[in-house]
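What follows is a short report on a single structure.
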Amino acid sequence: MAMALAPEPGPDWSAALSQLVLAAVSLHAAVRSAPASRGAAAGFLLQALAATCTLAPGLRTREDCPSGAWVATVIGLPLLAFDFHWCTNGHLMCAGCFIHLLADARLKEEQATCPNCRCEISKSLCCRNLAVEKAVSELPAECGFCLRQFPRSLLERHQKEECQDRVTQCKYKRIGCPWHGPFHELTVHEAACAHPTKTGSELMEILDEMDQSHRKEMQLYNSIFSLLSFEKIGYTEVQFRPYRTDDFITRLYYETPRFTVLNQTWVLKARVNDSERNPNLSCRRTLSFQLLLKSKVTAPLECSFLLLKGPYDDVRISPVIYHFVFTNESNETDYVPLPIIDSVECNKLLAAKNINLRLFLFQIQK
């Protein structure tokens, strides 16, 4: 998207002139460095744009052409992150798009390629471009509350702590006040809030509802603490490896090598979007898994189990406890959801060479 610049009188044109000189020097450096490193050239170019768009008081974008709108990734998505990777030919990808490309390639059983030059990309072939990240952090971005523009590096702090239009809650929310509104109206609302004047019986009804919600949250943790008191507990690190089915249109699935826990042999399997035919065409992605008992048992084996993230992964998984009674005739669970926070976290797992998680097994003895 082209950016329209409208000259406007500023109070200090000497400062504007110095920033324009900086922009000219950055553009010259971009041209000189382009033959040797296109990634470095992109960093100098973004530095020039940052100088002209954010630091020069005499130049700014028109209101009908937001300065943040023209910043986009190579896939065409809006710029949402500061982390940038570049291919061996210097083309840039933000961290979100980079992970998305790797995950799509895994689902389609293809080699991930750069959208611009089609060279191979992977976590080992691509590295971060710190010069571009620094320049992008100085580019303008619009606050979603007050619609003012700030450097991207300062935007998060502004939205959380400084913006007078940021959404906040009443301090009496703990006794049931549902008010949400802009920060600059908070003082007026709290002065007129009716909840501090409610009777004891009215507050008890509100607190009972809040206690019920809290009890549901605590039930999971109490269940985990109860399981930790069992006599027979086992855990192990498991590594899901990608495979393809033998169907005419192959589907991706994951399976672990056999492992031993609680003196029994087990295997874990996982699938994407419940074996949907073309999960690469869906923006919403999920993983589900099943636990299989491979050894023979002389009596029913009742177990509780849960999967958590591995010690070196940054994926976010909410703990969920599953329960099953294993026998020789019924030795595998149904596919149950792997409780990943969202599709972004799922893409992180799919983009990895293998999925490393930690399995906990608790044997229930009567």
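The values are calculated or read from the model by the stated rules, or taken from the named source; none is laboratory data. No experiment lies behind these values; they were computed from the predicted model shown. All Cβ positions, even for glycine, are placed from backbone atoms using ideal geometry, and neighbour counts span all protein chains on display. The accessibility values were calculated without ligands, DNA or RNA, using every heavy atom of the protein model including side chains. Shrake-Rupley method; radii C 1.70, N 1.55, O 1.52, S 1.80 Å.
Applied to region 341-351, the Karplus parametrisation 6.51 cos²θ - 1.76 cosθ + 1.60 on θ = phi - 60° returns per-residue 3J(HN,Hα) values of 4, 7, 5, 5, 5, 5, 4, 4, 5, 5, 6 Hz, with x for Gly and Pro. With a threshold of 29 Å on the Cα-Cα distance, the over-threshold entries among Lys232/Lys353; Lys232/Lys269; Lys160/Lys348; Lys216/Lys296; Lys123/Lys216 are Lys232/Lys353; Lys216/Lys296; Lys123/Lys216.
A cut-off of 5 Å between modelled amide H atoms, ignoring neighbours fewer than 5 places along the same chain, links Thr168 with Gly181, Phe183.
Does region 105-200 come out rounded, prolate or oblate, given a ≥ b ≥ c as the square roots of the eigenvalues of its C-alpha gyration tensor, rounded meaning a/c under 1.5 and, failing that, prolate meaning a/b above b/c? Prolate. Relative contact order, whole percent, for region 265-366 stands at 33, derived from Cα pairs under 8 Å and 6 or more residues apart.
The residues Thr298, Thr88, sorted by heavy-atom accessible surface at 1.4 Å with ligands and nucleic acids left out, run Thr298, Thr88 from largest to smallest. On region 193-337, 50 percent of the accessible area sits on carbon and sulfur atoms, based on a 1.4 Å probe.
Residue-wise HN-Hα couplings along region 89-101, as the Karplus relation 6.51 cos²θ - 1.76 cosθ + 1.60 with θ = phi - 60° gives them from phi, are 9, x, 7, 9, 9, 6, 4, x, 5, 4, 5, 5, 5 Hz; Gly and Pro carry x. In this structure, the amide hydrogen of Ile121, modeled 1.01 Å from its nitrogen in the peptide plane, lies closer than 5 angstrom to those of Ala112, Thr113, Cys114, counting only residues at least 5 positions away or on a different chain.
Simple spin-label estimate for Ser213 and Glu120 gives 5.2 nm between the two label positions (7 Å along the Cα-to-Cβ direction from each Cα).
Our summary gives region 79-149 a relative contact order of 33 percent, counting only alpha carbon pairs under 8 angstrom and 6 or more residues apart.
Given 0.36 nm per residue, what is the gain on full extension from Lys134 to Leu203 after removing their alpha carbon distance, in nm? Mind showing how you got there, number by number?
Numbers: separation 69, 0.36 × 69 = 24.84 nm, distance 5.14 nm.
Gain on stretching Lys134 to Leu203: 19.7 nm.
What part of the accessible area of region 129-172, given as a whole %, is carbon or sulfur when the probe is 1.4 angstrom? For region 129-172, the apolar C and S fraction of the accessible surface comes to 48 percent. Residues whose amide H lies under 5 Å from that of Thr88, counting only those 5 or more places away or on a different chain, are absent; hydrogens are built 1.01 Å from N in the peptide plane.
Per-residue 3J(HN,Hα) values for region 200-213, derived from phi via the Karplus relation 6.51 cos²θ - 1.76 cosθ + 1.60 with θ = phi - 60°, read x, 5, 5, 5, 5, 4, 5, 5, 4, 5, 5, 5, 4, 5 Hz in sequence order (x marks Gly and Pro).
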